[in-house]
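The values are calculated or read from the model by the stated rules, or taken from the named source; none is laboratory data. Everything quoted here is computed from the prediction, not taken from an experiment. Here Cβ is always computed from backbone atoms with ideal geometry, including for glycine, and neighbour counts include all displayed protein chains.
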Amino acid sequence: MSSISVVGAGNVAVHLATGLLKAGVRIESCWNRTPEKATKLATLLQCDTVSKIEDLAESDLILCAVSDDALPLLIPQLSALARVVTTSGTVDVLSLSTNFPAGVFYPLQTFSSNRTIDLTTVPIFVESTSPEFTRALLELGNRISQAVTELPWEKRVQLHLAAVFVNNFTNHLIDLAQQQLTRADLSFDWLKPLLLETVEKLNNQTAYDAQTGPARRADLKTIEQHIAMLPPEQAAIYKLLSSSIQQRYKQHD
């Protein structure tokens, strides 16, 4: 594949399209429901922007990086124009009615506008409605990543679920910790070495074996003290997680 058009102008679209452009893939045009965002992306990608999705320039592939809820209607519409892929980890594209072949080009990474990501380290998972298209997607992925794998929806959705625990929920817990430190007028910098070690030791042991803390030790007095220090909503989260840890190890201790 030598050319693509882009639908969507969020972080995933920006990072993937920029990476493909650097890898020698020509970006023909882009569309976004917010014209200002489309114009900004078009400037970055050195391509045209269109006001109507049906006016996307002819290309080998349409890369669709929009919210999951929009895909059941949007993918069939785009497949009338060209082969199309979604970057979603959860939508079963093979169950949708399409004209041109449709597929998945799912990068397993968190993308932010203020961060530069080395795409060569990002796992990319592909699937499509035809073997030929799948081979083309594998080749396209190999142009930007060293870890490209064909993975069916049934496995991909499980992987996405695990990623929500590892990334989204973990980040929210860190936000709760930052809120707690702000209330206490303490610096989050003091927790950064702990956070880094928590992740780094997973290179050598499972999360199960690495678990420490009051709930793991069944230190009930400390747990009660912590709960009393928290606002009600955060106290409920603390209780739920502590109970989950205790139940997990009660089965094996």
Does T134 fit the bill of being crowded, with 17+ Cβ neighbours inside 10 Å, at pLDDT below 95 and farther than 21 Å from G10 by Cβ?
-> no
Cβ-Cβ below 8 Å, separation at least six or inter-chain, first residue in the range 97-112 and on the phi < 0 side of the Ramachandran plot and of a type in the set (F, W, Y), second in a loop (DSSP other than H, G, I, E, B) and surrounded by fewer than 18 Cβ atoms within 10 Å (Cβ to Cβ): which pairs?
-> F100/A80; F111/I117
Go through the range 193-209 residue by residue and tally those that are over 14 Å from T170 (Cβ atoms) and of a type outside the set (S, T, N, Q).
-> 6
Determine whether L140 is in contact (Cβ under 8 Å) with a residue 24 or more places away in the chain, within 19 Å of V14 (Cα to Cα) and outside any loop (DSSP other than H, G, I, E, B).
-> yes
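Here is a yes/no grid of residues against (1) out of contact with any helix residue (DSSP H, G or I) (no Cβ under 9 Å at 6 or more places or on another chain); (2) closer than 30 Å to W190 by Cβ; (3) not polar (S, T, N, Q):
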{"residue": "I117", "(1), (2), (3)": "no, yes, yes"}
{"residue": "S128", "(1), (2), (3)": "no, no, no"}
{"residue": "E139", "(1), (2), (3)": "yes, no, yes"}
{"residue": "R143", "(1), (2), (3)": "no, no, yes"}
{"residue": "R156", "(1), (2), (3)": "yes, no, yes"}
{"residue": "H160", "(1), (2), (3)": "yes, no, yes"}
{"residue": "F165", "(1), (2), (3)": "yes, yes, yes"}
{"residue": "F169", "(1), (2), (3)": "yes, yes, yes"}
{"residue": "L173", "(1), (2), (3)": "no, yes, yes"}
Which numbered condition P35 misses (of (1) surrounded by 13 or more Cβ atoms within 10 Å (Cβ to Cβ); (2) over 16 Å from the mean Cα position of the chain (by Cα); (3) of a type outside the set (S, T, N, Q); (4) modelled with pLDDT of 95 or more) | (4)
Considering the range 10-30 alone, what residues qualify as being out of contact with any Ser or Thr (no Cβ under 7 Å at 6 or more places or on another chain), free of Cβ contacts under 8 Å to residues at least 40 places away in the same chain and buried (at least 22 other Cβ atoms within 10 Å of the Cβ)?
-> I27
What is the one condition in (1) in contact (Cβ under 8 Å) with a residue 40 or more places away in the chain; (2) crowded, with 19+ Cβ neighbours inside 10 Å; (3) in contact with a helix residue (DSSP H, G or I) (Cβ under 7 Å, 6 or more places away or on another chain) that L41 does not satisfy?
-> (1)
Restricting to the range 180-230, what's the tally of residues that are of a type in the set (D, E) and under 21 Å from L241 (Cα atoms)?
-> 4
Could you grab me the full set of residues in the range 58-75 that are surrounded by fewer than 16 Cβ atoms within 10 Å (Cβ to Cβ) and in contact (Cβ under 8 Å) with a residue 12 or more places away in the chain?
-> E58, D68, P72
Do you know which residues across the range 69-98 are closer than 15 Å to N32 by Cα and not polar (S, T, N, Q)?
-> A70, L71, L74, I75, L78
For the range 171-206, what are the residues that are of a type in the set (S, T, N, Q) and more than 24 Å from the chain's Cα centre (by Cα)?
-> Q179, Q180, T182, S187, N204, Q205
Tally the residues that are aliphatic (A, V, I, L, M), farther than 22 Å from C30 by Cα and modelled with pLDDT of 95 or more, restricting the search to the range 81-114.
-> 1
